[in-house]
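For reference, the structure is listed below as structure tokens.
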């Protein structure tokens, strides 16, 4: 079975183990910085992580890579389906990891309101080539949080992301799909 078939099979399962996700991640090819440029639509890749479902419940859209030093790691949708950029909040990130948080559509309005208070146009991350799990690949580094998001190629328009958050017991996985959007249309 090739890695694309393995990815699709695991994605259809709905929830997999961290070990299965890591095995897939390790088989995937690295990506370079140029590959990551653009706007990407995100979705969960659930491994029974405390954050599984939280991004979806908060109306997370994805990420935008403009250049090596200009990255918007958190794009969200407002009530009118318009994309806006959010500054990551260290307190909110730590709370999300340490306490159970309801992850249903009922919480979306509250999370959308909170996110709207954290709007920014300032870059909140950068991207570099770094080694993780014996491969060098494009890695997003948050400006104000001890988080690295490492990307591996599923196909020409899809990557599997692994969030490595210092102090977190297990990695958090997500999927990004390239969009046709540009900064001007977002």
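Of note:
- Overall Cα dimensions of the stretch 40-93, principal axis frame, Å, largest first: 33, 28, 23
- Two-site FRET efficiency, residue 17 against residue 157, from Cβ-Cβ distance with R₀ of 22 Å, rounded to 0.05: 0.25
- From the alpha carbon centroid of the stretch 119-186 to that of the stretch 39-73 is 8 Å.
- The label-point distance for residue 91 and residue 119, in a model that sets each label 7 Å from Cα toward Cβ, rounds to 2.1 nm.
Every number here is computed from the coordinates shown, using simple stated rules; none is lab data. Note that the coordinates shown come from a computational prediction; the quantities given were computed from them, not determined experimentally. Please note: Cβ atoms are built from the backbone with ideal geometry, for glycine as well, and neighbour counts cover all protein chains shown.
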